[in-house]
Amino acid sequence: MSEKSGSDVASTEGPVKDVGAQKGTNVVSPSTDHKPNLSVQLFWSPEEKSTNHRSMQKLFPSRTIEAGGQPHPLPRDENITFNYRVGDVTYNVDDFFQRARISGLLVIKNGHIVFERYGNGYSDRDLGDSRSMAKSMTSVMLGLALKDGYISSLDDVVETYVPEFKDTLWGKVSLRHLAQGLSGVPFWEIYDDKSDLTDMLECVCEDRPRALLPLLVHVGSRTGEEIQPGSHFKYSSADSTVMAIVVERAAGKQFTCYLSERVWKPFGMESDGYWLVAKEGGFTYGESGFGATLRDYGRMGLYLLHNGVLPDGTNTLPDGYMREATTPSLPSIESKSPYGYYWWLDSWWQNDREARGEVMSEPMLGAESTFYALGNSGQLLMVNPMENLVMVKWAATDTYSAAGRVDTVEAIISIVKQLH
């Protein structure tokens with residue numbers, strides 16, 4: 001296995017303003033004795049995201065997902081063009097790239113690339129950061145561990161695989177509830193330099209690590225706010241981080257080696273990917289920090305579209321796993337945030353738009369079976385099985401950008417309709 005240590009740092013284009021633990025400091029190609037921790041990303045401007053999302057594996061501790069063999073073929077058709085409407089205004093492809101601050105957009109229909117384009121200085125060789133899209137990749141890792149027998153059942157509880165969580169709120173949570181965002185463990189997930197999320201992100205640093213597992217044990221040992229597992233949906237980066245620890249402990253393998261062995265090489269990814277880790281030799285950060293080329297994200301979408309079946313016919317996921325993983329739990333439906341095993345479902349868009357007083361032009365074709373991995377800077381992997389379509393988008397928007405969100409939904413609806 002190849003590894004990149006935290007000291008492997010390449011130049012970035014311009015300063016990276018670190019307003020986390022090093023508030024007020026500009027970091028340019030940080031040295032080994034002054035590296036930022038991952039919490040810095042919470043406060044990056046769109047311009048800083050554009051630069052740094054293609055260099056995350058150089059700024060932070062990471063391990064390589066090795067590719068190898070013959071790349072899975074992606075025959076190329078001529079790029080489609082498309083228009084979409086927001087309110088009474090019609091926009092074109094160029095408008096979409098500008099308004100949604102897009103770094104890359106890929107559309108694969110019936111196994112053929114029908115659109116591929118880059119922006120913000122990116123190219124087909126760049127590795128784009130996923131942010132919370134990585135949670136959905138952690139769902140894939142859970143499926144692999146179930147298929148390979150490292151995990152016996154989703155009804156097993158966390159402490160079975162990570163004894164350190166015994167006597168904490170995490171300990172008796174089933175893996176199913178952990179994957180559905182139903183752990184009930186209180187976790188303060190806001191973009192603030194004093195939140196639980198910031199504390200967890202600050203564990204990801206080579207030279208100033210906070211111990212990730214002890215921090216999560218501490219979070220799970222707090223009392224007075226707990227909710228019965230399985231009863232209430234709450235999106236939590238801690239849940240997916242705990243799941244990554246469970247899977248790595250159960251399999252006895254790091255995510256990067258395991259993913260390379262079971263999917264990356266045999267499915268035919270074209271380039272090495274990466275995944276951020278808490279520190280060199282530490283746990284993989286299952287909440288975010290996965291990176292690959294745009295086309296390899298697309299190939300990952302095809303792998304999922306095929307329910308985890310490799311080109312040689314090998315099934316790497318349990319029968320019916322993707323159907324189960326993309327079925328929303330009742331509590332998530334009741335909260336109007338339909339969510340599977342770290343996968344968002346299409347009706348989430350509709351509910352989100354309605355909550356904000358926005359109106360969608362029309363439903364998307366194939367919406368009822370479509371599932372998404374989403375990152376909070378506009379990253380997206382969409383798999384629409386009924387339309388045999390995969391879409392990947394990189395972007396560098398503000399976290400709550402209305403323009404990026406609304407334009408993305410309307411553009412997707414238009415693209416799918418055109419290709420129907």
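Here are the numbers for the structure shown:
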| read-out | value |
| --- | --- |
| Sole exception among (1) open to solvent by 40 Å² or more (accessible area, probe 1.4 Å); (2) within 30 Å of residue 122 (Cα to Cα); (3) part of a helix (DSSP H, G or I) for residue 244, by number | (1) |
| Hits in the range 154-172 (condition: of a type in the set (A, V, I, L, M, F, W, C), open to solvent by less than 20 Å² (accessible area, probe 1.4 Å) and free of Cβ contacts under 8 Å to residues at least 60 places away in the same chain) | 154 |
| Residue 127 vs. criteria in contact (Cβ under 8 Å) with a residue 12 or more places away in the chain, open to solvent by 10 Å² or more (accessible area, probe 1.4 Å) and of a type outside the set (Lys, Arg) | yes |
| Pair list, Cβ under 7 Å, 6 or more apart: the range 54-76 residue within 16 Å of residue 278 (Cβ to Cβ), other residue open to solvent by less than 40 Å² (accessible area, probe 1.4 Å) and among the charged types (D, E, K, R) | 56/129 |
| Restricting the range 77-94 to residues that are of a type outside the set (A, V, I, L, M) and in contact (Cβ under 8 Å) with a residue 40 or more places away in the chain, the residue that is farthest from residue 121 (Cα to Cα) | 85 |
| Residue tally, condition in contact (Cβ under 8 Å) with a residue 60 or more places away in the chain, surrounded by 15 or more Cβ atoms within 10 Å (Cβ to Cβ) and part of a helix (DSSP H, G or I), over the range 310-348 | 5 |
| The listed residue being part of a loop (DSSP other than H, G, I, E, B) and either modelled with pLDDT of 95 or more or surrounded by fewer than 17 Cβ atoms within 10 Å (Cβ to Cβ) (or both), out of 286, 301, 291, 281 | 281 |
| Residues satisfying the stated conditions in the range 349-394, i.e. part of a helix (DSSP H, G or I) and at pLDDT 95 or above | 385, 386, 387 |
| Candidate set from the range 132-153 (those that are open to solvent by 10 Å² or more (accessible area, probe 1.4 Å) and outside any helix (DSSP H, G or I)); member that is nearest to residue 59 (Cα to Cα) | 132 |
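The values are calculated or read from the model by the stated rules, or taken from the named source; none is laboratory data. A quick note: this is a predicted structure, and the numbers were derived from the prediction, not measured. Cβ sites come from the backbone with ideal geometry, for glycine too, and all protein chains shown count toward neighbours. Side chains are part of the model used for accessible areas, which takes the heavy atoms of the whole protein and leaves out ligands, DNA and RNA. Shrake-Rupley method; radii C 1.70, N 1.55, O 1.52, S 1.80 Å.
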